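Shown next, in structure tokens, is the structure this report addresses.
The values are calculated or read from the model by the stated rules, or taken from the named source; none is laboratory data. None of the values given here were measured: they were computed from a predicted structure. FYI the Cβ positions are ideal-geometry reconstructions off the backbone, even for glycines, and counts take in every protein chain you see. We work out accessible area using only protein heavy atoms, side chains counted, and drop any ligands, DNA or RNA first. Shrake-Rupley method; radii C 1.70, N 1.55, O 1.52, S 1.80 Å.
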Amino acid sequence: MATITDQEITIIQPDDWHLHLRDNDMLAETVPATARCFSRAIVMPNLVPPVTNAALALEYQERIEKAIPAGSNFSPLMTLYLTNDTTEEDIKAAKAAGVLASKLYPAGATTNSASGVSSLTAMYPVFQAMSDHGMLLLIHGEVTENHVDIFDREKEFIEQHLKGIVENFPKLKVVLEHITTKDAAEFVSAASANVAATITPQHLLLNRNDLLVGGIKPHNYCLPVLKRNIHQQALRETVATGSNKFFLGTDSAPHEQSKKENACGCAGCYSAWSAIELYAQVFDELDALDKFEGFASLHGADFYGVPRNTNTITLRRESWDIPQAIDLPNGNPIVPFFAGQTLSWKLQD
Ligand code: NCD
Ligand code: ZN
């Protein structure tokens, strides 16, 4: 049970149910950043080349584990990247190797999704295998057709694809990742107990004005793209209800400064170093700190069917500024999400 005072919040240690750690030398940056706060994280498989089978997932897990700081209790939870060539055997083998979930990227929807799936219905035998073997389906829910406006792509995906998947596979656990719209929040709220969603800090804190008013703000650019204010408000109202269908997934997705501040800037916000504080700020603003622990630490574990954490973390009311830049292990800088802005809660060591 959380303890909340005006100055201090103590909650069960949270998990991050949607995270990009990248690979190789980047792990020396990203793994400590997440291990600072989170006990477990669902690690996205969109490497180049992607993590498409059990062997690749286990090798990637080993590389991540080597980067875990001494004394940390952090453990990565691995995922598989679904392609047109994924087989039912791949699912069975991955599940046996401890892979909890598979990620569906519609081909071309986001960063490193070129190997993603081109026909959803062609994947139905794979979804059936996932349902049979108890593997979760994590979905980047956006259509990719050129004629569909980028701000409508999530809503269209729900109509064209998600409704069908959920109807055809009632036993399959589905997480609609990083939801951005009122439509998604309403769909998930009304769906069966096997359908849930993650929500990022940026989609709770910002709307598309924060991307486009007064100049383009490349560090607020992520996919699915920030939507209009009514959608941000709907997401905020949704987490304030305390519904157990919604949980923390930062989608922390680092790209070097030069790749963000670019004529063709990459999508993704690097939020790991301040993630829990950003969420605390939102729940505090909503006067819903009593719902913070459920969202951050309980609902995700319950949905995934893994034990809840038992240890706790404490945040104190304390002003601090997010740094303007962080140096990566390769010497290049990265601009963290909310760089230079002041937060009012700070994780205690
Ligand atoms: C992610 C990335 O950079 O890997 N980018 C993003 O904008 N969220 C991919 C993703 O989750 O869509
Ligand atoms: Zn992501």
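Results, tabulated for the structure shown:
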{"read-out": "Qualifying strands (runs of 3 or more DSSP E) (wholly inside the range 128-223; at least 2 residues being in contact (Cβ under 8 Å) with a residue 60 or more places away in the chain and open to solvent by less than 60 Å² (accessible area, probe 1.4 Å))", "value": "136-139, 195-199"}
{"read-out": "Any hit, the range 24-41, residues being among the charged types (D, E, K, R), touching a helix residue (DSSP H, G or I) at 6+ places or on another chain (Cβ under 8 Å) and open to solvent by less than 10 Å² (accessible area, probe 1.4 Å)", "value": "no"}
{"read-out": "F283 being buried (at least 20 other Cβ atoms within 10 Å of the Cβ), more than 24 Å from W345 (Cα to Cα) and at pLDDT 95 or above", "value": "no"}
{"read-out": "Qualifying residue in the range 229-236 (condition: open to solvent by 10 Å² or more (accessible area, probe 1.4 Å) and assigned to a loop (DSSP other than H, G, I, E, B))", "value": "no"}
{"read-out": "When residues of the range 33-54 are limited to those that are touching a residue at least 40 places away in the same chain (Cβ under 8 Å) and not in a loop (DSSP other than H, G, I, E, B), the one farthest from ligand 2 (Cβ to nearest atom)", "value": "A54"}
{"read-out": "Residue satisfying condition, being under 30 Å from N330 (Cβ atoms) and in contact with a helix residue (DSSP H, G or I) (Cβ under 8 Å, 6 or more places away or on another chain), within set H231, H255, H178", "value": "H178"}
{"read-out": "The listed residue being within 14 Å of ligand 1 (Cβ to nearest atom), surrounded by 24 or more Cβ atoms within 10 Å (Cβ to Cβ) and either within 21 Å of G108 (Cα to Cα) or modelled with pLDDT under 95 (or both), out of A253, A272", "value": "A253"}
{"read-out": "Every pair of residues 6+ apart whose Cβ atoms lie under 6 Å, when the first sits in the range 3-18 and is within 16 Å of ligand 1 (Cβ to nearest atom) while the second is open to solvent by less than 70 Å² (accessible area, probe 1.4 Å) and part of a loop (DSSP other than H, G, I, E, B)", "value": "D16/F38; D16/T250; W17/G249; H18/E177; H18/G249; H18/D251"}
{"read-out": "Identity of the residue in the range 306-322, in contact with a Gly (Cβ under 9 Å, 6 or more places away or on another chain) and touching a residue at least 40 places away in the same chain (Cβ under 8 Å), that ends up surrounded by the most Cβ atoms within 10 Å (Cβ to Cβ)", "value": "I322"}
{"read-out": "Subset tally (residues that are within 16 Å of F247 (Cα to Cα) and not in a helix (DSSP H, G or I)) for the range 287-321", "value": "6"}
{"read-out": "Criterion violated by S258 - all others in (1) in contact with a Phe, Trp or Tyr (Cβ under 8 Å, 6 or more places away or on another chain); (2) more than 12 Å from ligand 1 (Cβ to nearest atom) satisfied", "value": "(1)"}
{"read-out": "Of all residues in the range 78-111 being touching a Phe, Trp or Tyr at 6+ places or on another chain (Cβ under 8 Å) and either aromatic (F, W, Y) or in a loop (DSSP other than H, G, I, E, B) (or both), the one that is farthest from ligand 2 (Cβ to nearest atom)", "value": "L100"}
{"read-out": "A107 vs. criteria within 19 Å of H20 (Cα to Cα), of a type in the set (G, A, S) and without any contact (Cβ under 8 Å) to a residue 24 or more places away in the chain", "value": "no"}
{"read-out": "Selection from the range 32-50 of residues that are of a type outside the set (G, A, S) and away from ligand 1 (no atom under 16 Å from the Cβ)", "value": "P32, R36, C37, F38, R40"}
{"read-out": "In the range 237-265, residue farthest from F303 (Cα to Cα) [restricted to those that are over 17 Å from the mean Cα position of the chain (by Cα) and either within 14 Å of ligand 2 (Cβ to nearest atom) or in a loop (DSSP other than H, G, I, E, B) (or both)]", "value": "A263"}
